[in-house]
Amino acid sequence: MNASLDFSNNLIILKETNQIKELQTVIRDRNSTRSDFIFHADRLIRLIVEESLNQLPYNRHVVVTPTGENYEGLVYEEGNCGVSIMRSGEAMEQGLRDCCRSIRIGKILVSKDEDTREAKVFYAKFPSDIYRRKVLLMYPILYSGNSVLSAIEVLLENSVSEDKIIVLTLFSTPEGIQKVFKSFPNVKLITSEVHEHPPIHFGQKYFGTD
C-alpha cells in the first residue's frame, strides 16, 4: 500500500484473495449481466459488512454448552446502527440485515446543489438515539469523497462522535480516502480496493437504471 494511504488502524483494506478479485472482476466487467452483477456485488457487500463487525465493541460472555461445560465467548455491545447514503448505499442494507437481524437503519440523501454544484444533504432520517450508537455508514463507491463528507457532517451535527463512525465502501479512490481522513481523521473506513478508476456505474447497474 502507498505510504500516503497509511492511516494506521483507521483504513482497513480487505486482504486480496482470488475470491475477492473474482468478485471485483465481474462487477467491473461491462459485459456482466445485471443478474450476475447483483449476485457478485451482494457477495462483496457481505464480506465488507462482516469485516465491519470486527470493529464493533463487545464484552466477554460465558455460556453453558449442552454438555454442561462453560464456554468463554463474547457478545456485541448494544447500540449499533446502519446509515445508507441514498440511493446506491441502499444496495448494502440487506447485507447488513443478513448479519444483524434487528439492526436499525437510517438514511441520508446527498445530491448536488443546482446553484453551487456542491454536495448537499436534502434528507436525513436517523434513530432518535443515534448519538449513542456506533454508526456503519454505507456507500458502495467512494470517488470524490464529497457525499461521504456531507453525510459525516450531518452525523456530527446529530451528536454522533467521529470515532463512532465506520464507513463501509466497496471501491475507493486514493483521492476520496485522503479527503475523508483529512477532514475526519478519527473515522474508520473499510474497503475492498483502492484504485484511481472505481466502477462508478455501480448504482445504475445494481438498480437497473443504466
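Bear in mind these aren't lab numbers, they're just calculated from the coordinates by the rules spelled out. Just so it is clear, the structure is predicted and the values come from calculations on it, not from any experiment. With ideal geometry, Cβ positions are generated from the backbone for all residues, glycine too; neighbour counts draw on all protein chains shown.
See the values below:
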{"quantity": "Rounded to the nearest 20 debye, dipole of the stretch 1-82 from Cβ charges on Lys, Arg, Asp, Glu", "calculated": "380"}
{"quantity": "Sum of side-chain charges, Tyr143 neighbourhood, beta-carbon under 11 Å (Lys, Arg +1; Asp, Glu -1)", "calculated": "-1"}
{"quantity": "Computed helical MRE - 222 nm, the chain, DSSP H runs ≥ 4 contributing -39500 (n - 2.57), nearest 500", "calculated": "-9500 deg cm²/dmol"}
{"quantity": "Cα-based reach from Lys205 at 20 Å (exclusive), listing lysines while leaving out same-chain residues under 8 positions away", "calculated": "Lys21"}
{"quantity": "Long-range amide H partners of Met86 with built H, under 5 Å", "calculated": "Ile108, Leu109, Val110"}
{"quantity": "Inter-centroid distance (Cα atoms) of the stretch 140-207 relative to the stretch 55-77, Å", "calculated": "33"}
{"quantity": "Angle in degrees between helix 174-183 and the longest Cα principal axis of the chain, rounded to the nearest 10", "calculated": "70"}
{"quantity": "Residue among Ile141, Ile20, Ile130 with the largest mean-square fluctuation in a Gaussian network model of the chain, springs linking Cα atoms under 10 Å", "calculated": "Ile20"}
{"quantity": "Contour minus Cα-Cα distance for Glu196 and Ile103 (0.36 nm per residue)", "calculated": "30.2 nm"}
{"quantity": "Kirkwood Rh and Cα Rg combined as Rg/Rh, the chain", "calculated": "0.99"}
{"quantity": "Computed magnitude of the charge dipole of the stretch 83-189 (debye, nearest 20; Cβ of K, R +1, Cβ of D, E -1)", "calculated": "380"}
{"quantity": "Leu53 versus Glu175: modelled label distance in nm, points set 7 Å from Cα along the beta carbon direction", "calculated": "3.6"}
{"quantity": "Positive-end residue of Ile105, Val121, Leu142, charge dipole of the stretch 98-151 with Cβ unit charges", "calculated": "Ile105"}
{"quantity": "Beta bridges per DSSP with both ends in the stretch 41-179, % antiparallel, nearest 5", "calculated": "45"}
{"quantity": "Electrostatic dipole magnitude of the chain [Cβ: Lys, Arg +1; Asp, Glu -1; Cα centre; debye, to 20]", "calculated": "280"}
{"quantity": "Integer Hz, Karplus 6.51/-1.76/1.60 couplings in order for the stretch 75-88, x for Gly and Pro", "calculated": "9, 5, 5, 6, x, 10, 8, x, 9, 9, 8, 5, 9, 4"}
{"quantity": "DSSP beta bridges in the stretch 109-197 [antiparallel fraction, %, rounded to 5]", "calculated": "25"}
{"quantity": "Note, ³J(HN,Hα) from phi for the stretch 42-47, Karplus 6.51, -1.76, 1.60, rounded to Hz, x at Gly and Pro", "calculated": "5, 5, 5, 4, 4, 5"}
{"quantity": "Cα-based helix-to-principal-axis angle, 146-157 vs the chain, degrees rounded to 10", "calculated": "50"}
{"quantity": "The chain: angle of helix 18-28 to the longest principal axis, Cα-based, in degrees nearest 10", "calculated": "30"}
